[in-house]
Amino acid sequence: DSAAAAEADAAFHRALLAATGNEMLRRMDMLLEPGLRERDRMVHTHSDADDPVPSHRAVLDAVRDQDPARAEFAMLDLLAKSAEDLEHVAHLPGAAPHS
């Protein structure tokens, strides 16, 4: 369900931010998480949303392999996918208008 998907995504990003060891990034999570949860709720409410696991797995694998260039590329790809998904659901019938 969309709530479970949003929680899993938030947990993934919290763990990723904590893994940086950067206290400022870890604290930014408090600011970013509400928006991330709302985006996830919107995207995962629609049955045609893509499986988010492969794009997140690419980030995780790169971090585990200690490959910063691949991790950066995977994260940029994940962010682009996130923006595409949000844009897609924003244009569905009944979607709330956005600015």
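The figures follow:
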item: Förster-model FRET efficiency, 22 Å R0, ARG64 and ARG26, C-beta, rounded to 0.05; result: 0.70
item: Potential lengthening between SER2 and GLU87 on full extension [0.36 nm per residue; Cα-Cα distance subtracted]; result: 28.9 nm
item: GLU72 accessible area, assembled protein chains, probe 1.4 Å, Å²; result: 120 Å²
item: All Cα pairs of the chain, percent lying beyond 17 Å; result: 55 percent
item: Most positive-pole-ward Cα, ALA83, PRO54, MET28, against dipole of the chain from beta carbon charges; result: MET28
item: Most fluctuating residue given options ALA69, ALA18, ALA58, as computed from a GNM of the chain linking Cα atoms under 10 Å; result: ALA69
item: Förster-model FRET efficiency, 30 Å R0, ALA19 and ASP51, C-beta, rounded to 0.05; result: 0.80
item: At least 18 Å along the helix axis (C-alpha) and Kyte average at least -0.5, DSSP helices within the chain; result: 2-19, 68-90
item: Residue among ASP65, ASP40, ASP50 with the largest mean-square fluctuation in a Gaussian network model of the chain, springs linking Cα atoms under 10 Å; result: ASP65
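The values are calculated or read from the model by the stated rules, or taken from the named source; none is laboratory data. Since we're looking at a predicted model, the values are computed, not measured. In this analysis, Cβ positions are derived from the backbone assuming ideal geometry, glycine residues included, and neighbour counts consider all displayed protein chains. What goes into the accessible areas is simple: the full protein's heavy atoms, side chains included, and nothing from ligands, DNA or RNA. Shrake-Rupley method; radii C 1.70, N 1.55, O 1.52, S 1.80 Å.
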